[in-house]
Ligand code: TYD
Ligand code: MG
């Protein structure tokens, strides 16, 4: 195929240049030029016939059927739920995450276990033997003999399309987008121009053929390799696979979903034979609930739509050095400093000369402010060296005046705590519709000081 001519477009101002330059001559920004195809008509000659032949016409909105089209279940309960009930035909899904987190594992095991679909696993990172070895490792757990899953080690998009045309699979997985390259651009694989162009080719391909495509993409801290960030607006669905590499738990979080809610959350555990669905996350996170030393308490948080009880651990000790140390794992350090300032100024606790360490058990990260109350109780419990009873749990945002502010879905949090056998739940005062009777005692609190009165007398 004849090489197409490309041009370099500034991502900042849109100025077009014939050559790559470090600095845009128009807006003077550095490193903003991206290679793009100059002529789309010419380029189309390189795309498969099935795409070219389809003509689209305008349709009156009244004539479009409102039904949520058929979805294809992938057979992985968590993945299907996170996607909004299976994949939509012709959709392009991007799964992003740090290297080594388990993206390839998740997609390969899904491809192997979806025995009702023929799947094509395009691997640009590993050889067919390596994929086979991984598949052997993933054996068992309802997996077929692998006759439905085809492996292709190819990175050129035009060749990939040709193979897909021949095979007609029900699902295509591309691992990873950073290894793809298209003949229409000069840049090497992984550059912003290549990644974007390959993704848009895949998008048009998926839409034209109705075959859903899952793209795997690495997120790198430095901008050297174009990460999935530049693709987010192009694809239908962005799932983030995250977790702490030192822990076994992995979270699958939708950042964008054109066909479903972004409030879902999938939880997996990395095992020796692949990723297993975590049936009862709170139970796993809390472990055995025997007596604990001071500084530990349980927060009733929500991760998406699902209530999740998490153990918060704090350690407060006298500072050895002049400047006290503050560190938080799984929690925003600035927010912890703010809570410490509230305790100091509004509640009269002297924490200024104390080291404070905070940790969420299980390697989880909680962003929502409803965990504040548990953080405050853990810190004060450790400071006074009094253990908080382990049958209590907490939900509430702490404001700058020391008031406990309402949080969302309080009933759902209480219900989850009751299910797990907690005896008391501390929730913000003024929350409507709280259960007055039942297995769990609900204690509404208006200020941080009130909770302390209840707990430490
Ligand atoms: P991988 O899927 O290769 O990560 P990614 O594609 O996101 O870069 O996962 C690699 C890690 O997972 C590696 O450290 C080994 C571990 N692992 C298991 O613990 N169990 C398994 O069954 C498999 C296949 C991998
Ligand atoms: Mg991988």
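Values in this text are rule-based calculations from the coordinates and carry no lab data. Computed from a predicted structure; not experimentally measured. Glycine also receives a Cβ, built like all others from the backbone with ideal geometry; neighbour counts cover every protein chain displayed.
The orientation-averaged shadow of the Cα convex hull for the stretch 237-381, equal to a quarter of the hull surface, comes to 10.5 nm². Which value results when the Cα radius of gyration for the stretch 319-457 is divided by 2.2 N^0.38 Å? For the stretch 319-457, the normalised Cα radius of gyration is 1.04.
Given the Cα-Cα distance of residue 338 and residue 441 and 0.36 nm per residue of separation, how much length would full extension add, in nm?
Numbers: separation 103, 0.36 × 103 = 37.08 nm, distance 2.97 nm.
Stretched out fully, the residue 338 to residue 441 stretch lengthens by 34.1 nm.
Taking every DSSP helix (H) stretch of at least 4 residues in the chain, weighting each as -39,500 (n - 2.57) and dividing the sum by the residue count yields a mean residue ellipticity at 222 nm of -7500 deg cm²/dmol. For the stretch 300-358, the extents of the C-alpha atoms along the principal axes are 43, 23, 16 Å, listed from largest to smallest. Relative to the longest principal axis of the Cα atoms of the chain, helix 410-419 runs at roughly 80 degrees. Stretching residue 329 away from residue 168 to a fully extended chain increases their span by 53.3 nm, per 0.36 nm per residue minus the current alpha-carbon distance. If you take the alpha carbon atoms of the stretch 71-277 and fit the smallest convex hull around them, that volume is 108 Å³ per residue.
To the nearest 0.05, how large is the calculated FRET efficiency for residue 27 and residue 292 if R₀ is 45 Å and r is the Cβ-Cβ distance?
Values: r = 57 Å, r/R0 = 1.28.
Step by step, r from the Cβ atoms, then E = 0.20.
Its residue count N fixes a reference of 2.2 N^0.38 Å for the chain, and the Cα radius of gyration divided by that reference is 1.16. Seen against the Cα atoms of the chain and their longest principal axis, helix 128-137 is set at about 30 degrees.
Helix 372-384 axis versus longest C-alpha principal axis of the chain: approximately 50°, rounded to the nearest ten.
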